[in-house]
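As C-alpha cells, the structure follows; a few thoughts come after it.
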Amino acid sequence: MDTLIDDNLLCLQRAVEIIARLSPADYTKPCATADNSTAADHLRLITDHYQAFLIGIGSGAIDYSTAERDPQLESDPLYAAAVMRGIIMGLEQFEEHLYTQELRIKKDAGDTGEWRTSTPHHELHLLLAHANHHFAIIATLLHANTGTPLPRQVDVAPDSHSE
C-alpha cells in the first residue's frame, strides 16, 4: 500500500483508539482554551472531509461544502469511532492508479462556490494535514479538560515520528 494512504490510515486509526475510550462527557465537554470547542466538534470536521472525499472520488467531483451534520457523531464517541472505522475501510479500498485522475473540487466555508481542479493525491495530502491540525487541537483540549496527556503520536504528523 502507498505511504500517503498508510499515513492517512495511521492517523485515523490512532484517533479511533483515543475517541473510543472517551466518555460522552469528555467527548462533548467544551474547552475554554480552544474557543469552547469540543473533541466532537473537531472530529466531525475531520469525518465530514473524509466522507466527502470518499463519496465524490467515484464521480470525479468532491464537494466539501455539502457536509452532513450527524447529531449522533457530535454526541457519541463510540458511534464516532465506528464512523471513522468506515472511513478507514473506504480508504483501504482506494486504488493507487487513481492518484493522478483529474478531479473537480468545491471547498467549504469561505470559498467562492466555484469548482477547481485537483487530484486524489493532492486531496489526500490536504486531508491528512487537516486531520493532523484538528487532532492536535483535540489533544490540547482533552489534556486541558481531563489532565491526561495523549500519546505523542496522536497529535504529530505520521512522517515526523521517530518510531
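The values are calculated or read from the model by the stated rules, or taken from the named source; none is laboratory data. Since the model is a prediction, treat every value here as computed from it, not as a measurement. No Cβ is skipped: glycine too gets one built from the backbone with ideal geometry, and neighbour counts run over all protein chains shown. These area figures cover heavy atoms from the full protein model, side chains too; ligands, DNA and RNA do not enter into them. Shrake-Rupley method; radii C 1.70, N 1.55, O 1.52, S 1.80 Å.
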- Item | Charge tally in the Cβ shell below 9 Å around residue 74, where Lys, Arg are +1 and Asp, Glu are -1, residue 74 excluded | -1
- Item | Accessible surface of the range 1-110 [probe 1.4 Å, protein heavy atoms]: carbon and sulfur percent | 51 percent
- Message: Running a GNM on the chain with Cα contacts under 10 Å, which residue among 12, 54, 141 ends up with the highest mean-square fluctuation?
- Response: 54
- Note on the structure: Relative contact order in percent for the chain (Cα pairs under 8 Å, 6+ apart) equals 30 percent
- Query: Taking the chain as a Gaussian network, Cα atoms linked when under 10 Å apart, which of 37, 59, 23 shows the biggest mean-square fluctuation?
  - Reply: 59
- Could you state the principal axis extents of the C-alpha atoms in the range 31-113, from the largest down, to the nearest angstrom? 43, 32, 20
- Task: Compute the distance in nm between two label points, each set 7 Å from the Cα along the Cα-to-Cβ direction, one at residue 100 and one at residue 129.
- Result: 2.2 nm
- Item | Estimated vicinal HN-Hα couplings, Hz - the range 28-44 in sequence order (Karplus 6.51, -1.76, 1.60; Gly, Pro = x) | 10, 6, x, 10, 4, 7, 10, 6, 6, 7, 10, 4, 4, 4, 6, 5, 4
- Message: If I stretch the segment between residue 92 and residue 23 completely, what's the gain in nm (0.36 nm per residue apart, minus their alpha carbon distance), one decimal?
- Response: 22.0 nm
- Evaluate E = 1/(1 + (r/R0)^6) for residue 33 and residue 3, where r is the Cβ-Cβ distance and R0 equals 35 Å; express this FRET efficiency to the nearest 0.05. 0.55
- Task: Quick one: among 145, 132, 36, which has the greatest mean-square fluctuation in a GNM of the chain with alpha-carbon springs under 10 angstrom?
- Result: 36
- Message: Not counting ligands, DNA or RNA, and with a 1.4 Å probe, what is residue 95's accessible surface area in Å² rounded to the nearest 10?
- Response: 100 Å²
- Item | Farthest positive-ward along the chain dipole, Cα basis, beta-carbon charges - from 105, 128, 81 | 81
- Message: Per residue, how much accessible surface does the range 1-62 expose to a 1.4 Å probe? Answer in Å², no decimals.
- Response: 41 Å²
- Query: Assigning unit charges at the beta carbon (Lys, Arg +1; Asp, Glu -1) and nothing else, what dipole magnitude in debye, to the nearest 20, does the chain show about its Cα centre?
  - Reply: 360 debye
- Item | As computed over the chain, the Cα convex hull volume per residue (Å³) | 111 Å³
